[in-house]
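A quick write-up on the structure given underneath.
We did not get these values from a lab; they are worked out from the coordinates using the rules stated. This structure is a prediction, so every number in the text was calculated from the model and none was measured. Heads up, the Cβs are rebuilt from the backbone with ideal geometry, glycines too, and the neighbour counts pull from every protein chain shown.
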Amino acid sequence: MSFAPKDEHEAQIQFALERGIPAILSVIGTQKLTFPDNAFDLLHCARCRVHWDADGGKPLMELNRILRPGGFFVWSATPVYRKDETHQNKWKAMVNLTSSLCWKVVAKTLSDTSRIGIVIFQKPVSNSCYEKRKEKNPPICDNENRKNNSWYVPLSSCLSPLPVDSMGNIFSWPEPWPKRLKSEPISLSTEQDAVQEFYKDTKHWSGLVSDLYLKGLSIQWSSVRNVMDMNAGYGGFVFSQFWCSSY
């Protein structure tokens with residue numbers, strides 16, 4: 001996901017899509033983003049003009065919620081590389097906030113040509129850092145705040161604990177794209193009969209699209225763009241369209 005202003009930075013999403021990587025453009029305000037927890041591999045902000053430390057750091061805590069364990073936040077903004085007092089104060093605030101979230105800096109560099117800097121943070125893959133913090137601020141979300149509900153819900157000021165399976169193990173990184181499309185989601189291990197339903201859904205939509213949409217309708221599919229599944233289910237309809245270059 002990219003938090004980009006409506007200018008030339010929108011092309012970041014196009015670069016990803018052309019390489020077969022699902023990507024989306026988004027903005028953040030006072031409400032939670034309409035995505036489930038631990039959904040994204042990477043979040044990107046280039047001059048997105050978001051004050052991540054505002055309101056006690058709630059905007060960045062929301063990124064922490066939707067970023068999967070071990071996921072990355074790529075930030076390219078003036079506080080990363082400018083040395084005046086104002087920008088350095090903003091950078092220190094960001095460092096303090098990311099440290100409280102147990103994020104670590106995996107890279108920080110400055111381009112020799114553009115003189116623009118970039119920093120990459122990584123979300124932890126274990127709850128141990130949360131437990132070892134001297135100051136439990138922000139606190140871990142309680143069961144009421146942990147409900148996986150993000151529609152018209154205000155930003156929260158707590159940390160969602162990392163997801164674990166029935167054995168207490170942290171969920172591992174999913175399959176790379178495009179193999180991930182036909183691999184069962186890791187989160188399904190916590191739902192009864194969900195794995196069987198997932199493969200059933202995939203088989204159903206693959207057959208429906210192949211037999212009906214591709215062969216049974218007189219449609220020039222090369223001219224169709226931006227097809228959206230309004231009843232996503234387990235994503236079988238999306239997988240069945242992967243044959244199309246416009247996907």
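For the range 1-130, just say rounded, prolate or oblate: build the C-alpha gyration tensor, square-root its eigenvalues into a ≥ b ≥ c, call rounded for a/c under 1.5, and beyond that prolate if a/b exceeds b/c, oblate if not. Walk me through the numbers before you get to the answer.
On the way: a/c = 1.41, a/b = 1.03, b/c = 1.37.
Taking the square roots of the gyration eigenvalues as a ≥ b ≥ c, the range 1-130 is rounded.
Please order Leu208, Leu155 by the number of other Cβ within 10 Å, starting at the fewest.
Values: Leu208 15, Leu155 20.
By the 10 Å Cβ count, ascending: Leu208, Leu155.
Find how much the distance from Lys182 to Ala39 grows on full extension, using 0.36 nm per residue of separation minus their present alpha carbon separation; answer in nm with one decimal. Spell out each step's value before the answer.
Details: separation 143, 0.36 × 143 = 51.48 nm, distance 1.65 nm.
In short, 49.8 nm is gained.
Size of the dipole of the range 31-173 about the Cα centre, Lys and Arg at +1 and Asp and Glu at -1 on the beta carbon, nothing else charged, in debye to 20? Display every interim value, and only then the final one.
Numbers: 20 positive and 13 negative charges, 66 e Å.
So the magnitude is around 320 debye.
For the pairs Lys58/Lys179; Lys32/Lys179; Lys108/Lys182; Lys58/Lys123; Lys32/Lys104; Lys104/Lys136, note any where the Cα-Cα span goes beyond 26 Å. Let's see the in-between values first.
Values: Lys58/Lys179 34 Å; Lys32/Lys179 29 Å; Lys108/Lys182 35 Å; Lys58/Lys123 16 Å; Lys32/Lys104 24 Å; Lys104/Lys136 17 Å.
Too far apart for the 26 Å limit: Lys58/Lys179; Lys32/Lys179; Lys108/Lys182.
For Gln31, which sequence-distant residues (separation of 5 or more, or a different chain) have an amide H within less than 5 Å of its own amide H, given hydrogens modelled in the peptide plane?
Long-range HN contacts for Gln31: Leu155.
Which of the GluC sites (Glu not before Pro) found in the range 81-136 are in a DSSP loop and have at most 11 neighbouring Cβ atoms, other than their own, within 10 Å? Numbers along the way, then the final one.
On the way: sites: Glu85, Glu131, Glu135; in loops: Glu135.
Hits after loop and neighbour filter: Glu135.
If you wrap a convex hull around the C-alpha atoms of the range 23-68 and split its volume per residue, what is the figure in Å³?
Numbers: hull volume 3.5 nm³, N = 46.
Dividing the Cα hull volume of the range 23-68 by its residue count gives 75 Å³.
Val105 label point, 7 Å along Cα→Cβ, cut-off 20 Å on backbone N: hits in the range 40-55?
In the range 40-55, the label zone of Val105 (backbone N under 20 Å from the point 7 Å along Cα→Cβ) covers 43-54.
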